[in-house]
Amino acid sequence: MQQVKGDTYLLRGSPSTLFYIDEQQLYMIDPGHGGKRTKQLRKIARKANKPVTIILTHYHSDHVEILSRNLDFKYKAISSILDRPGIEYTEYRIGMTFGVPLESWKEALMFKAPPVKVDETIKCGENIGPLQTVHLPGHTPGQIGILTPDKVFYAADAVFGEKVLENYLVPYHRNPCQALETLEKLRDLDYEILVPGHGPVVERSQALDLINTNIEALKRFLDTLVEKAGEGRSFQDIVEVILDGKTARSAGEYILVEQSIRGGLICLAGKGLITLDTSSSIPLWKSSNPGSQ
Ligand SMILES: [Zn+2]
């Protein structure tokens, strides 16, 4: 565990886990997954010897899986009201993440998805003790970021590290338009150090560059969707055009790409930039102004 600043500490990983320790409590933000992390958290809780509050920023399995294991210390788990169902109900989590809530998927997932119990919920924006929560919708509907009194901001999966952006075919967000608005909002938030869920810790000046890189990647993705929809394409056609000959590393990744594209088309339709033509038996996504592209 390394000190980030003041009473804020970090355990690097993917996702990284953030800690805030005050007189009364030990706060753990996004405990993560896996046996190794379980042992590390037990050790940290034993050493702190204080009541533990665990905060789950959103329902994705890699952020919450550990709570399905035996942690051997008592804790209270808190999430946002909006993301609680995804944490507590596996079918809902898989359905919301991949769009295909297949029972058989549980075995194929990189992170197994056992249900995890939440003890308390907050409304997005409500504080948890000394920690300020910030609603970061887009990646999931109820994702929250955490700002510690040391002005360290845990951005969860609202901001991806550069390597993550490079390694994935498209940035994964359930609602990419909303994720873009969240990123714009993060430019103005008052923090000194930013901790992405997946990626290295950055000081404010670099954080603004990283946020801009995330914004550009999302804008490129959304603009390409509008452009490629053009005068009308089926969903499967759009997926192939967006992949542009690149192959996903697994069926799971392909399905995540499909889900990001579906999310993008739906949110662009909400903005009037794309329309869904249902006049024939194959629904076609069309750019609203194909001539201007
Ligand atoms: Zn996530």
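List of remarks:
- Residue 249 falls short on exactly one of the conditions (1) open to solvent by 70 Å² or more (accessible area, probe 1.4 Å); (2) on the phi > 0 side of the Ramachandran plot, and that condition is (2).
- Residue count for the range 6-60, restricted to those that are of a type outside the set (S, T, N, Q), open to solvent by 20 Å² or more (accessible area, probe 1.4 Å) and over 24 Å from the mean Cα position of the chain (by Cα): 14
- Within the option set 41, 67, 10, being touching a strand residue (DSSP E or B) at 6+ places or on another chain (Cβ under 7 Å), within 16 Å of the ligand (Cβ to nearest atom) and outside any loop (DSSP other than H, G, I, E, B) holds for one residue only, 67.
- Among the residues of the range 182-205, not a single one is open to solvent by less than 30 Å² (accessible area, probe 1.4 Å) and closer than 19 Å to residue 99 by Cβ.
- The single condition among (1) crowded, with 17+ Cβ neighbours inside 10 Å; (2) modelled with pLDDT of 95 or more that residue 171 does not satisfy is (2).
- Residue match in the range 231-244 (condition: surrounded by fewer than 20 Cβ atoms within 10 Å (Cβ to Cβ) and touching a residue at least 60 places away in the same chain (Cβ under 8 Å)): yes
- The residues of the range 253-278 that are of a type in the set (S, T, N, Q) and either within 25 Å of the chain's Cα centre (by Cα) or modelled with pLDDT of 95 or more (or both), listed by number, are 259, 260, 275.
- Check on residue 154, part of a strand (DSSP E or B), within 14 Å of the ligand (Cβ to nearest atom), crowded, with 20+ Cβ neighbours inside 10 Å and not β-branched (Val, Ile, Thr): yes
- Note on the range 13-33: among residues that are in a loop (DSSP other than H, G, I, E, B) and within 16 Å of the ligand (Cβ to nearest atom), the one that is nearest to residue 112 (Cα to Cα) is 33.
- Qualifying positions in the range 28-39 - closer than 15 Å to residue 63 by Cα and of a type outside the set (Asp, Glu): 28, 29, 31, 32, 33, 34, 35, 36, 37, 38
- Odd one out for residue 149 among (1) more than 15 Å from the ligand (Cβ to nearest atom); (2) at pLDDT 95 or above; (3) touching a helix residue (DSSP H, G or I) at 6+ places or on another chain (Cβ under 6 Å); (4) in a loop (DSSP other than H, G, I, E, B): (3)
- Test: residue 215 is within 23 Å of residue 12 (Cβ to Cβ), open to solvent by less than 20 Å² (accessible area, probe 1.4 Å) and not small (Gly, Ala, Ser): no
- Breaking point among (1) modelled with pLDDT of 90 or more; (2) in contact with a helix residue (DSSP H, G or I) (Cβ under 8 Å, 6 or more places away or on another chain); (3) within 16 Å of the ligand (Cβ to nearest atom); (4) basic (Lys, Arg), for residue 163: (2)
- If you check 168, 191 for being within 16 Å of the ligand (Cβ to nearest atom) and either of a type in the set (Phe, Trp, Tyr) or more than 23 Å from residue 262 (Cβ to Cβ) (or both), only one passes: 168.
- Considering (1) at pLDDT 95 or above; (2) under 21 Å from the mean Cα position of the chain (by Cα), the lone condition that residue 286 does not fulfil carries the number (2).
- Selection count where residues are part of a helix (DSSP H, G or I) and touching a residue at least 24 places away in the same chain (Cβ under 8 Å), scope the range 157-174: 4
- If you go through the range 243-293 and pick out every residue that is under 23 Å from residue 61 (Cβ atoms) and part of a strand (DSSP E or B), you end up with 0.
The values are calculated or read from the model by the stated rules, or taken from the named source; none is laboratory data. Just so you know, these numbers come straight off a predicted model, no measurement behind them. Cβ sites come from the backbone with ideal geometry, for glycine too, and all protein chains shown count toward neighbours. Only protein heavy atoms, including side chains, enter the accessible area calculation; ligands, DNA and RNA are left aside. Shrake-Rupley method; radii C 1.70, N 1.55, O 1.52, S 1.80 Å.
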